[in-house]
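Input: a single structure, listed below in structure tokens.
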Amino acid sequence: MNLPNIKDARKRTDKKVDYKTVWEIKDDTLKNQKFFLKTYGCQMNVHDSEQMRAILENLGMQETDTLEDAKVIVMNTCAIRENAHDKVFGYLGRIKHLKKNHPDIIVALGGCMSQEEGVAKEILQNHPYINIVFGTHNIHELGNLILQANKDKQDIEVTSEEGCVFEGVNYKRDSKITAWVNIMYGCDKFCTYCIVPYTRGKERSRKKEEIIKEVNSLKKSGYKEVTLLGQNVNAYGHDLDEDYDFANLLESVAQTGISRIRFVTSHPWNFTDEMLNVIAKYPNIMPYIHLPLQSGSNKILRLMGRRYTKEEYLKLCQKIKDTIPNVTITTDIIVGFPNETEEDFEDTLDVVEQVKYDGAYTFIYSKREGTPASMMSDETTLEEKENRLQRLNEKINYYSKLSNEKMLNKIEKVLILGVSEKDPLKVYGYTEGMKLVNVLAPRESIGHIIDVKITDAKSFSLDGEEVKKIKQN
Ligand code: 5AD
Ligand code: SF4
């Protein structure tokens, strides 16, 4: 048994990353049985679930969306804020009840929550009906852990090791049009509020050859869009021996000729001019930058350990707008960080007014055990924090609608992904700037990039109709 340890998880040494290849299991003990997979959290988790799904299908199992039908239940959890935690424990209550009548069900808990020191211990003591706890570093072992649990063994395997990079991973992807591609794992930034560097470990870059091979193979299979994934993509390559960074990688990926490339998430601190120039140069790199601000106050940014000032952030946004025509900029903001005063909060509002974001994810600060911010005193009441969040959201929504309204009557290139949820006669897709559009166009357009005239703008989406190309004789 291997339990995570926050001190070990904090360690960063010069030890080089190990590159390993995953293996496939050949065992049909669970063939034709059903599995239920529930995913919480960010894109990284969504993509990890695509790996878990492939592992389960490799055992011959089939997915069900009915919890009660499952022989194996896998929960891929998130630890970023307290409410993510609470949701998981709430759901576990349902599973506990189910298992009373069906003791042969196998329950596996994975993802970021399992990497927290307290959680694995709590599960051992208070949730004995959970058979397996596995972490973000050993997803590849899930198949074996399930087979062992099926032979009546409780298994807690979570490691805090600095980690390695696995290649040869199989994914059962959610989409046949857009795909996630991991370019790096982990984070070394240690922003003081954030649990990710502990749950996901040290920054580890995949080798460029493997990334390009994956993109080429996705392109060959008909994928139109890839999103390069990492907690902090512009740190890509810093741990490799070669002189090759994220700007170089973006350029190589662009040269594969895949139709659309996106990337998340960029840290403002090491966002280079070379990156901007590459984005501006290649039309298949989308003009869309997610650039977390977190706070507009220099005092709070310092307490957060963000390594930039309000002025530097604003300068970067201006440079991005000057270099990339029609760029969309979105952000993440936290309100109510310890010691945030009304004045600090107004600095955040000021940045929102100056940048005029196209959209933002906004959060109330949530204390995460083991992080430096959890030790800071916090006098602000929850009521005050909620009030700040509401004022912030009003401003964000105002600019988001404004930016959508600017698109009225324009012709946009939209990658169509499926039938619209709102209207079965319409399809939906995303513009180059990542705006959601419900489009009047036939279903045959799904999987294609089509020209769309924008006819209506709302706060969070656009309406449009396909512009038919006039055939030239
Ligand atoms: N409390 C609130 N929000 C947080 N985030 C990360 N950690 C916390 C926390 N402890 C937010 C940040 C980050 C996004 C993914 O989640 O804004 O960019
Ligand atoms: Fe967390 Fe900061 Fe790393 Fe983002 S850059 S994952 S906020 S520590």
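The values are calculated or read from the model by the stated rules, or taken from the named source; none is laboratory data. Source: prediction; values computed, not measured. Note that each Cβ is placed from the backbone with ideal geometry, even for glycine, and that neighbours are counted across all protein chains shown. For accessibility, only protein heavy atoms count, side chains too; no ligands or nucleic acids. Shrake-Rupley method; radii C 1.70, N 1.55, O 1.52, S 1.80 Å.
Some points to look at:
- Residue-averaged [θ]222 nm for the chain, counting only DSSP H segments that reach four residues, each worth -39500 (n - 2.57): -10000 deg cm²/dmol
- Relative contact order of segment 1-112, pairs being alpha-carbon contacts under 8 Å that are 6 or more residues apart, as %: 27 percent
- In summary, the lysines within cross-link reach of residue 87, defined as a Cα separation below 26 angstrom excluding same-chain residues under 8 places away, comprise 34, 38, 71, 96, 99, 100, 121, 172, 367, 385.
- Scoring 447-454, 216-223, 145-152 by mean Cβ neighbours within 10 Å over their residues and listing the highest first yields 447-454, 145-152, 216-223.
- Note that segment 178-405, at 4 °C in a medium of 1.567 mPa s, gets a Stokes-Einstein diffusion coefficient of 70 µm²/s from its Kirkwood radius over C-alpha pairs.
- For residue 467, residues with placed amide H under 5 Å, excluding near neighbours: 451, 452, 453
- In this view, the solvent-accessible surface of residue 285, computed with a 1.4 Å probe and all protein chains in place, comes to about 10 Å².
- Think of a 1.4 Å ball rolled over the protein heavy atoms: segment 6-157 then has 47 Å² of accessible area per residue.
- Convex hull volume per residue for segment 150-288, taking Cα atoms only, in Å³: 147 Å³
- Unit charges at the beta carbon, dipole of segment 112-252: most positive-side option, 238, 194, 140: 140
- Average 1/r across all pairs of distinct alpha carbons in segment 1-89, invert it, and you get the Kirkwood radius: 15.7 Å.
- Of the GluC sites (Glu not before Pro) found in segment 356-386, those that fall in a DSSP loop while having at most 13 other beta-carbon atoms within 10 Å are 379.
- For segment 226-353, the solvent-accessible area works out to 36 Å² per residue, with a probe of 1.4 Å and every protein chain left in place.
- Accessible surface of the chain, 1.4 Å probe, proportion on carbon and sulfur as whole %: 48 percent
- Mean separation of Cα pairs under 8 Å and 6 or more residues apart, divided by the residue count, gives the chain a relative contact order of 11 percent.
- Ratio of the Cα radius of gyration of segment 411-466 to 2.2 N^0.38 Å, where N counts its residues: 0.93
- Anisotropy class of segment 6-157 from Cα gyration tensor, a/c 1.5 cut: oblate
- For segment 373-387, 3J(HN,Hα) computed residue by residue from phi via the Karplus equation (6.51, -1.76, 1.60; θ = phi - 60°) reads 5, 5, 8, 7, 6, 9, 8, 5, 6, 4, 4, 5, 5, 5, 5 Hz, glycine and proline entered as x.
- These residues, 389, 462, go from largest to smallest accessible area, 1.4 Å probe, as 389, 462.
- The residues 59, 417, sorted by heavy-atom accessible surface at 1.4 Å with ligands and nucleic acids left out, run 417, 59 from largest to smallest.
- Normalised contact order of segment 411-466, rounded percent, pairs of Cα under 8 Å and 6 or more residues apart: 35 percent
- Partnerless cysteines in the chain, where a partner means another cysteine C-beta under 4.7 angstrom, comprise 42, 78, 112, 164, 187, 317.
- Simple point charges give the picture: +1 on the Cβ of Lys and Arg, -1 on the Cβ of Asp and Glu, and for the chain a dipole about the Cα centre of about 1020 debye.
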